[in-house]
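The values are calculated or read from the model by the stated rules, or taken from the named source; none is laboratory data. Predicted model, so just to flag it, every value in this text is computed and none were measured. Cβ placement follows ideal geometry from the backbone for every residue including glycine, while neighbour counts extend to all protein chains displayed. The protein model used for the area step is the full one, side chains on, heavy atoms only, and it has no ligands, DNA or RNA in it. Shrake-Rupley method; radii C 1.70, N 1.55, O 1.52, S 1.80 Å.
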Amino acid sequence: MKKIIKYVVLDILRNRILVSYTVLLLVVSMLLLCLTDNGTKALLSLLNIVLIVLPLVSIIFSTIYYYNASAFIELLVCQPLRRTKILLSVYIGLALSLLIAFCIGVGLPLLIFDGSMTAVLLILVGMALTVIFSALAILGSVMMRDKARGIGVAILSWFYFSLLYDGLVLFLLFQFSDYPLEKPAIVMGALNPIDLGRIIVLLRLDSSAMMGYTGAVFASFFGSVGGMLTGFVLLLTWMIWPLFWALRRFNRKDL
């Protein structure tokens with residue numbers, strides 16, 4: 001596994017797209033942190049970038065890389081290696097490369113120019129979302145044999161979690177506003193990793209106006225610290241289950 005992970009990481013780190021992505025994150029982070037007088041505004045701006053751009057790049061890049069490496073993966077499957085180790089190695093290499101890009105582009109500027117607990121939480125949320133959407137990309141790629149369909153599923157998944165989900169939640173909350181919706185709101189918030197990341201950071205910032213209904217329920221139901229811990233536990237669950245189903249499907253798949 002170490003050799004495969006090393007090969008995947010070195011192969012991806014030489015990719016021009018990943019280098020451009022790292023440089024772009026670094027430039028934007030430096031501009032926001034250096035040119036904005038209010039540190040909270042800079043953190044909120046970076047939070048929006050982390051919640052929108054990071055999942056998109058993670059899921060699209062991981063999907064495309066998996067399909068481009070399909071011949072390499074088939075070659076490894078022909079060797080006396082367990083399929084679980086092969087897919088895990090590819091996934092770890094992908095996630096590790098994207099994490100390196102994020103830590104250089106966003107993590108280092110935050111630690112150098114801010115260094116607050118909120119900045120650390122933002123870095124942890126960004127790392128969690130990178131791992132989660134890389135796992136979702138692997139799951140979708142394993143399930144879809146056709147590359148065009150796999151990329152389409154990846155784009156639709158990002159669109160659902162980033163934009164469509166909030167609209168559906170607001171619609172349901174409006175339709176059933178006459179009923180107690182605190183517990184259903186917590187469940188709905190747990191079903192979206194992007195929403196969970198947003199709630200965790202905003203709970204630390206205590207920006208109740210930007211948390212939305214689900215974030216306000218998390219704060220009132222669990223308290224600030226309890227809400228953040230619950231959010232991270234739920235994010236950990238999101239890291240595990242897509243990879244578990246991807247490994248299960250890959251072990252049974254006829255390549």
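At what distance in angstrom do the alpha carbon centres of segment 108-187 and segment 31-49 lie from each other?
Taking the Cα centre of each part, segment 108-187 and segment 31-49 sit 21 Å apart.
Heavy-atom accessible area per residue, segment 1-252, 1.4 Å probe: how many Å²? Walk me through the numbers before you get to the answer.
Working: 12730 Å² over 252 residues.
Counting only protein heavy atoms, the per-residue value for segment 1-252 is 51 Å².
For the pair SER20 and ARG149, what calculated FRET efficiency results from E = 1/(1 + (r/R0)^6), where r is the Cβ-Cβ distance and R0 = 22 Å, to the nearest 0.05?
Working: r = 26 Å, r/R0 = 1.20.
Once the sixth-power term is evaluated, E becomes 0.25.
I'd like the accessible area for TRP245, computed on protein heavy atoms only with a 1.4 Å probe and all protein chains in place. Round to 10 Å², please.
For TRP245, solvent-accessible area is about 120 Å².
Heavy-atom accessible area of TYR7 with all protein chains present, probe 1.4 Å, nearest 10 Å²?
110
Calculate what fraction, in whole %, of the accessible area of the chain sits on carbon and sulfur atoms when a 1.4 Å probe is rolled over the protein chains. If you can, show how the numbers build up before the last one.
On the way: 8900 of 12960 Å².
About 69 percent, which is the carbon plus sulfur part of the accessible surface.
Report, in cubic angstrom per residue, the convex hull volume of the C-alpha atoms of the chain. Don't jump to the answer; show the numbers that get you there.
On the way: hull volume 32.8 nm³, N = 255.
Cα-based convex hull of the chain, divided per residue, equals 129 Å³.
With springs connecting C-alpha atoms under 10 Å apart, model the chain as a Gaussian network and identify which of LEU94, LEU33, LEU163 has the largest mean-square fluctuation.
LEU163
Could you put CYS34, CYS78, CYS103 in order of accessible surface area, largest first, with the 1.4 Å probe and the full protein assembly present?
Values: CYS34 75, CYS78 110, CYS103 45 Å².
Solvent-accessible surface, decreasing: CYS78, CYS34, CYS103.
Please report the net charge: other residues with Cβ closer than 12 Å to the Cβ of ASP254, K and R +1, D and E -1. Could you put the intermediate results ahead of the total?
Numbers: positive: ARG83, ARG145, ARG249, ARG252, LYS253; negative: GLU74.
Local charge sum for ASP254: +4.
Would you please classify the overall shape of segment 28-87 from the alpha carbon gyration tensor, given that a ≥ b ≥ c denote the square roots of the eigenvalues, rounded means a/c under 1.5, and beyond that prolate means a/b larger than b/c while oblate covers the rest?
Details: a/c = 4.68, a/b = 3.99, b/c = 1.17.
Prolate shape, in that a/c is at least 1.5 and a/b is the bigger ratio.
Where the only charges are on Cβ atoms (+1 Lys, Arg; -1 Asp, Glu), what is the dipole of the chain about its Cα centre, to the nearest 20 debye? Each step should come with its number before you reach the end.
Values: 19 positive and 11 negative charges, 258 e Å.
The dipole of the chain has a size of about 1240 debye.
What residues from segment 127-141 fall in the zone where the backbone N is under 19 Å from a label point 7 Å along the Cα-to-C-beta line of VAL53?
Once the point is set 7 Å along Cα→Cβ of VAL53, 127-134 turn out to lie under 19 Å by backbone N, inside segment 127-141.
Considering lysine pairs in the chain that are 8 or more places apart or on different chains, how many have Cα atoms under 24 Å apart? Intermediate values should be presented prior to the final figure.
On the way: LYS2/LYS85; LYS2/LYS253; LYS3/LYS85; LYS3/LYS253; LYS6/LYS85; LYS85/LYS147; LYS85/LYS253; LYS147/LYS253.
Value for the chain: 8.
Any idea what the relative contact order of segment 1-252 is, in percent, if you count C-alpha pairs under 8 Å spaced at least 6 apart?
On the way: 251 pairs, mean separation 64.7, N = 252.
Reported relative contact order: 26 percent.
Between ALA69, ALA42, ALA128, which gets the highest mean-square fluctuation from a Gaussian network model of the chain, Cα cutoff 10 Å?
Looking only at ALA69, ALA42, ALA128, the largest GNM fluctuation is found for ALA69.
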